[in-house]
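Just below is one structure, and these are the notes that go with it.
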Amino acid sequence: MRLTDCYNFHDFRRMAKKRLPGPIFDYIDGAADDEVTYRRNTAAFEACDLVPDVLRGVAEVDMSVTVMGQKLAMPVYCSPTALQRLFHHQGERAVAAAAAKHGTMFGVSSLGTISLEEARQLSAGPQVYQFYFHKDRGLNHEMMARAKNAGVQAMMLTVDSITGGNRERDKRTGFAIPFKLNLAGMMQFAIKPSWAIDWMTHEAFRLPQLENHVKMDGGALSISRYFTEMLDPSMSWNDVADMVQAWGGQFCLKGIMSVEDAKRAVEIGCTGIVLSNHGGRQLDGSRSAFDQLAEIVDAVGDRIDVMMDGGVQRGTHVLKALSLGAKAVGLGRYYLFPLAAAGQPGVERALETIRTEIERDMKLMGCTSVDQLTRRNLRFRS
């Protein structure tokens with residue numbers, strides 16, 4: 001299968017599945033428990049119909065949006081995700097280059113495989129740093145100071161991951177970092193030698209943001225224990241309020257799902273929230289972000305930038321979210337599968353594909369700018 005044969009999310013997913021050893025593919029593709037929320041995230045869009053207008057003069061379309069003080073050329077961005085060089089040796093470097101080419105935002109995770117400083121050097125475009133709240137308060141402040149010194153303009157704190165989700169696909173293969181595979185998992189690596197060659201012939205895998213705290217040699221702490229031993233389940237609104245004040249700039253909470261929490265985010269001075277259930281990877285049975293979007297926009301949309309992610313596979317999904325009031329929409333697996341399949345060319349093709357879909361779909365909706373997308377253009381199936 002060639003990259004030129006990929007025209008949508010499902011094509012990229014199939015190509016990634018052909019290239020990746022099963023345990024790594026399942027790490028990207030899998031979710032928590034019975035994966036109900038994972039499936040529901042995309043199904044939620046299917047319960048909503050678009051009602052287009054015609055004869056609106058749509059020769060030119062402006063897809064740009066401004067979120068957290070940063071202008072994006074299109075209303076989707078690459079959500080920060082962990083361990084990207086595990087999928088392809090280019091990792092975040094490929095994503096940074098592709099996002100810059102398309103004028104949109106990307107981010108580096110606390111569990112990112114290149115440093116904040118390198119990411120900032122690679123792209124002067126819109127960028128966020130996604131981080132987790134650690135038991136070590138000094139580490140939290142150190143990470144924020146490092147981001148500030150690197151020139152990061154927007155912080156994104158993940159608040160739905162105080163402990164790891166129950167991802168049973170990983171348990172079945174023994175997937176962990178460092179690798180501790182069972183026999184079935186090792187066999188999957190043996191039959192995909194191209195990934196192993198890629199892994200062994202490039203620079204060593206690192207976690208630059210945490211390399212003084214997480215050992216990659218199986219020593220003091222592994223990724224499998226990171227969430228249970230380093231992250232702080234006692235994190236409270238007071239803790240986050242202190243961080244917002246200390247940062248003194250654009251600060252976003254990722255993982256907000258209730259109206260009450262959205263209001264609290266406004267009260268403590270956050271400038272953005274991302275409605276997210278972590279791609280179904282944390283609490284299975286959680287409501288989809290798209291289903292929850294309208295009531296949160298109604299409650300706080302005039303006071304804070306509301307974004308969402310989860311299950312987005314088409315340009316029409318993006319238009320539906322924007323019509324409900326989202327300022328922008330995050331992509332996760334949508335760019336990770338093409339990254340795994342083909343590196344930077346894969347991510348570029350994926351972003352170009354969804355950019356083309358959004359532009360085409362806006363024209364078909366009779367809209368020349370994002371602010372013309374409203375709930376008037378939507379109907380929900382009962």
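The values are calculated or read from the model by the stated rules, or taken from the named source; none is laboratory data. This is a predicted model, so every value here is computed, not measured. With ideal geometry, Cβ positions are generated from the backbone for all residues, glycine too; neighbour counts draw on all protein chains shown. Keep in mind that these areas ignore ligands, DNA and RNA; they rest on the heavy atoms of the full protein, side chains included. Shrake-Rupley method; radii C 1.70, N 1.55, O 1.52, S 1.80 Å.
Residues that are over 27 Å from P21 (Cα atoms), of a type in the set (D, E) and surrounded by fewer than 19 Cβ atoms within 10 Å (Cβ to Cβ): does the range 126-147 have at least one?
yes
Out of the range 161-177, which residues are assigned to a loop (DSSP other than H, G, I, E, B), crowded, with 18+ Cβ neighbours inside 10 Å and modelled with pLDDT under 85?
Answer for the range 161-177, where residues must be assigned to a loop (DSSP other than H, G, I, E, B), crowded, with 18+ Cβ neighbours inside 10 Å and modelled with pLDDT under 85: F175, A176, I177.
I'd like the residue in the range 325-341 that is open to solvent by 10 Å² or more (accessible area, probe 1.4 Å) and over 18 Å from G91 (Cα atoms) and, out of all such residues, is nearest to the chain's Cα centre (by Cα). Steps first, answer last, please.
Taking the range 325-341 and keeping what is open to solvent by 10 Å² or more (accessible area, probe 1.4 Å), we get 325, 327, 332-333, 336, 341.
In the following step, the residues that additionally are over 18 Å from G91 (Cα atoms) were identified as 325, 327.
Numbers: G325: 19, K327: 15 Å.
By that ranking, first place goes to K327.
Being open to solvent by less than 30 Å² (accessible area, probe 1.4 Å) and touching a residue at least 60 places away in the same chain (Cβ under 8 Å): is that true of V300 here?
Values: open to solvent by less than 30 Å² (accessible area, probe 1.4 Å): yes; touching a residue at least 60 places away in the same chain (Cβ under 8 Å): no.
Against the criterion (open to solvent by less than 30 Å² (accessible area, probe 1.4 Å) and touching a residue at least 60 places away in the same chain (Cβ under 8 Å)), V300 does not qualify.
Looking only at the range 41-58, count every residue that is under 17 Å from L331 (Cα atoms) and over 17 Å from the mean Cα position of the chain (by Cα) and tell me the total.
3
What are the pairs, 6+ residues apart or on separate chains, where a residue within the range 33-54 that is without any contact (Cβ under 8 Å) to a residue 12 or more places away in the chain has its Cβ under 9 Å from a residue that is open to solvent by 50 Å² or more (accessible area, probe 1.4 Å)?
Listed pairs, sorted by first residue: E46/R381.
What's the number of the only condition in (1) open to solvent by 20 Å² or more (accessible area, probe 1.4 Å); (2) out of contact with any strand residue (DSSP E or B) (no Cβ under 8 Å at 6 or more places or on another chain) that G103 fails to meet?
Failed condition: (2).
Condition (residue is within 19 Å of the chain's Cα centre (by Cα), modelled with pLDDT of 95 or more, outside any helix (DSSP H, G or I) and closer than 28 Å to R169 by Cα) applied to the range 342-358: is it met by at least one residue?
Yes, because at least one residue in the range 342-358 is within 19 Å of the chain's Cα centre (by Cα), modelled with pLDDT of 95 or more, outside any helix (DSSP H, G or I) and closer than 28 Å to R169 by Cα.
Okay, residues lined up against (1) surrounded by 15 or more Cβ atoms within 10 Å (Cβ to Cβ); (2) under 19 Å from A147 (Cβ atoms):
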{"residue": "P233", "(1), (2)": "no, no"}
{"residue": "S236", "(1), (2)": "no, no"}
{"residue": "Q245", "(1), (2)": "no, yes"}
{"residue": "M257", "(1), (2)": "yes, no"}
{"residue": "H278", "(1), (2)": "yes, no"}
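Among the residues of the range 1-60, which ones are assigned to a helix (DSSP H, G or I), farther than 24 Å from S161 by Cβ, open to solvent by less than 40 Å² (accessible area, probe 1.4 Å) and of a type in the set (D, E)?
Correct list: D11 only.
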